[in-house]
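Each remark here refers to the structure printed beneath this line.
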Amino acid sequence: MRDIVERDGDRIAVVEVDGVIREASLALVSDLSVGDFTIVHMGYALERLDPAHAAETLHLMREAGVVEKGSDATS
């Protein structure tokens, strides 16, 4: 899950999780705004997530050892 911190035009979003900053294509989901949460896979934003759902999912992924705080394993 990523928090959108900036939009670079209509096609790219700057996203962050745990301090890791990446760019994500908005080719598949164009209606995302700064502050929205999204799932990013292979450099593409896939869908908008409810903030509570995003936080819980990330927490569960950390508990399961799938992602560590500060890693970029969620992209």
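Only the coordinates and a few stated rules stand behind these numbers; no lab work does. Everything numeric in this text was worked out from a predicted model, so none of it was measured. We place every Cβ from the backbone using ideal geometry, glycine too, and count neighbours over all the protein chains shown.
Between V14 and V66, what FRET efficiency comes out of the Förster formula 1/(1 + (r/R0)^6) with R0 = 25 Å and r the beta carbon distance, rounded to 0.05? In this case the efficiency is close to 0.55.
Given the rule -39500 (n - 2.57) for each run of at least 4 DSSP H residues, summed and divided by the residues of the chain, what is its mean residue ellipticity at 222 nm, to the nearest 500 deg cm²/dmol? The partial results should precede the final answer.
On the way: 1 runs with 13 residues, N = 75.
So the helix-based figure for the chain works out to -5500 deg cm²/dmol.
With each label modelled as a point 7 angstrom along the Cα→C-beta vector, the V5-R22 pair spans 1.4 nm.
Regarding the chain, what whole-number volume in Å³ per residue does the convex hull of its Cα atoms give? Mind showing how you got there, number by number?
Values: hull volume 5.3 nm³, N = 75.
About 70 Å³ per residue, rounded to a whole number.
Taking Cα atoms, how many degrees apart are the long axis of helix 51-63 and the longest axis of the chain, rounded to 10 and kept between 0 and 90? Approximately 40 degrees, to the nearest ten. Remark: relative contact order (the chain) = 28 percent; criterion is Cα-Cα distance under 8 angstrom and separation of 6 or more residues.
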